[in-house]
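For reference, the structure discussed in these notes is given below.
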Amino acid sequence: MAKKKKLKFKKGLGQTIFCLISFLFMMGCFVFYGSRAIHYYKIYNPKGSDTVPLATSIMKNASIVYEGSGVYKEAGNYIYKGEDVNNYIRFSNLTWRITKISTDNSVEIVLDDPINVMALDSSSADFKDSDVSKYLNEDFAAYLDTSKLDKTVVCEDEISDLNRLSCNTSNVDHYVKLPDISTFLNSMAETTYMASDTDTLWLANKKSDKEAWYASGYNISSSDVTEFYGIKPVVVLKSTNVLVGGTGTKEDPFTIEKQENKLKFGSYVTIGEDTWVVYKEEDGNLRLTLAELDTSVRTRQFSTDSNVYDPNDTGSIASYLNSYYYEDIAYKDLLVEANWYTGEYKTSYEDVYDSEVKAYVGMLNAADFKFGSFNDYYYLTTPAGEDLVYIYASGLLESDITAYEYYRPAIVIKDDVQIQSGSGTKEDPFVLEV
């Protein structure tokens, strides 16, 4: 009898072990395949959002109009026209305007403000080979989250007549382009959000090998590629992006990314009594320039002797900024001595990096990204020829070094500064602990 009981005990133990192994196997399968399902769900459904595409969320509350400013429906696409239109959107810490929502749910956007004034190129009118294309797709694109972007379509047709637009040849090699003729014309409803009546902006289309089209106010004209006009980047948001928040107004733009409490490219920041904007990140440092030009200050001569920005040039604007102006900065312990580029703009924006000088306070050069103060006249550190230096305005203009013009200081700080409050926008700048 004892022997039989022993056999029953062994049989029960075997069943228990089998059931336990089966249970563990099933749990393992559940965990493995469950985790894979979650993994792929996160890929196709970004965190913090539902599965509804950005385009669908935006158009859900939009009203189609047939005249004036607003959203128009044309050939299945939704086109934003006019000046007073709620098409503001934040992307990569910058404010953009929606130009078009396409039938594939991709969203084309244009930066709200120009980032610079440049020659399109020294010789070629083909956007894909131009100096501006390199500037946008190498320098500017480095600050964009390209994982959220589709490549843009750049039309390569030669447009000789604005009444006969075509795009028989195109490429999709770029993340960033300029507005094309069609985009600019489609944004018009008497006026447009894309430009004011005083703006001049390069467009992506060529007229000939040496001429390209540009917008002058609300009109389109052609020009030699060596002229200096405004640069407004255009990108295309993927259809897989989703709306995180916002209503599309200037005060509450659409957003597709969660707000980061971090000072970076495009952030506005108040330090002491001054408000700055970050225009470059490099090697753990941030380059900042005053957010808006203070036109109440006295204008100054660049120099009486040289067109090179040099703090050792007594009486020059560089000497003033690194002595009297520097001494008045209450937070000078945050400042880092840095190189300021003083090369002459000859055939490319990259020429400005050919020479440099060390200083605590500098100014913007011709290649630096510009935020705000687009129509104000202020000195750059870029020479324009013998006894001439460039000033920045609605165009890049040459000035005699002895002329009295405004100045826009720039500084460099470490990127590990502590933020006290704010969201980093122009309307609500970060406030630093000083």
ASP209 neighbourhood, Cβ < 15 Å, K/R = +1, D/E = -1, net charge -4
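For the stretch 66-160, what is the accessible area per residue in Å², given a 1.4 Å probe and the full set of protein chains?
37 Å²
From the Cα gyration tensor of the stretch 78-221, with a ≥ b ≥ c the square roots of its eigenvalues, which class applies: rounded if a/c is under 1.5, or else prolate if a/b is larger than b/c, or else oblate?
rounded
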Taking a crude spin-label model, label points 7 Å out from Cα along the C-beta direction, the THR249 to LYS264 distance in nm is 2.8 nm
GNM of the chain, Cα pairs under 10 angstrom: of ASP368, ASP113, ASP104, the biggest fluctuation goes to ASP104
Along principal axes, largest first, the alpha-carbon spread of the chain in whole Å comes out as 118, 59, 36
antiparallel share of DSSP beta bridges within the chain, to nearest 5, in %, is 90 percent
So the carbon and sulfur contribution to the accessible area of the stretch 295-421, 1.4 Å probe, in percent, is 42 percent
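How much of the accessible area of the stretch 190-286, in percent, comes from carbon and sulfur atoms when a 1.4 Å probe is used? Mind dumping the intermediate values first?
Details: 1630 of 4030 Å².
Within the stretch 190-286, the accessible surface is 40 percent carbon and sulfur.
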Around SER423 (Cβ within 15 Å, Cβ-to-Cβ, excluding SER423; K/R +1, D/E -1) the net charge comes to 0
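Rounded to the nearest 0.05, what FRET efficiency do VAL52 and GLU190 have when you use their Cβ-Cβ distance and R0 = 35 Å? Mind showing how you got there, number by number?
Details: r = 34 Å, r/R0 = 0.96.
E between VAL52 and GLU190, to the nearest 0.05, is 0.55.
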Where a ≥ b ≥ c are root eigenvalues of the Cα gyration tensor, a/c under 1.5 meaning rounded, otherwise prolate if a/b exceeds b/c and oblate otherwise, the stretch 183-240 counts as oblate
Summing -39500 (n - 2.57) over every DSSP H run of at least 4 in the chain, dividing by its residue total and rounding to the nearest 500, the 222 nm mean residue ellipticity is -4500 deg cm²/dmol
For the stretch 209-215, Karplus-derived ³J(HN,Hα) couplings (6.51, -1.76, 1.60; θ = phi - 60°; whole Hz; x for glycine and proline) come out as 4, 10, 10, 10, 8, 9, 9
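What is the sum of charges around GLY385, taking Lys and Arg as +1, Asp and Glu as -1, for the other residues whose C-beta is under 10 Å from the C-beta of GLY385? Spell out each step's value before the answer.
Numbers: positive: LYS346; negative: GLU344, GLU386, ASP387, GLU398.
Net of charged neighbours comes to -3.
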For the chain, the longest principal axis of the Cα atoms and the Cα long axis of helix 2-44 enclose an angle in degrees, to the nearest 10, of 20 degrees
Rounded to the angstrom and largest first, Cα extents along the principal axes for the stretch 249-293 equal 28, 26, 16
Where a ≥ b ≥ c are root eigenvalues of the Cα gyration tensor, a/c under 1.5 meaning rounded, otherwise prolate if a/b exceeds b/c and oblate otherwise, the stretch 52-131 counts as prolate
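Are any of the pairs LYS151/LYS250; LYS238/LYS414; LYS73/LYS232 more than 29 Å apart by Cα-Cα distance, and if so, which? It would help to have the intermediate numbers written out before the result.
Details: LYS151/LYS250 27 Å; LYS238/LYS414 34 Å; LYS73/LYS232 25 Å.
LYS238/LYS414, as the Cα separations exceed 29 Å there.
Could you quote the convex hull projected area for the stretch 170-315, Cα atoms only and averaged over all directions, in nm²?
Numbers: hull surface 59.3 nm².
For the stretch 170-315, averaging the hull's shadow over all directions gives 14.8 nm².
Report the relative contact order of the chain, percent, no decimals, based on alpha-carbon pairs under 8 angstrom and at least 6 residues apart.
Details: 950 pairs, mean separation 64.2, N = 434.
With pairs under 8 Å counted, the relative contact order is 15 percent.
The values are calculated or read from the model by the stated rules, or taken from the named source; none is laboratory data. Worth saying up front: this structure is predicted, and the values here are computed from it rather than measured. When we count neighbours, we look across all protein chains shown, and the Cβ atoms used for this are built from the backbone with ideal geometry, even at glycine. Please note that ligands, DNA and RNA were not included when accessible areas were found on the heavy atoms of the full protein model with its side chains. Shrake-Rupley method; radii C 1.70, N 1.55, O 1.52, S 1.80 Å.
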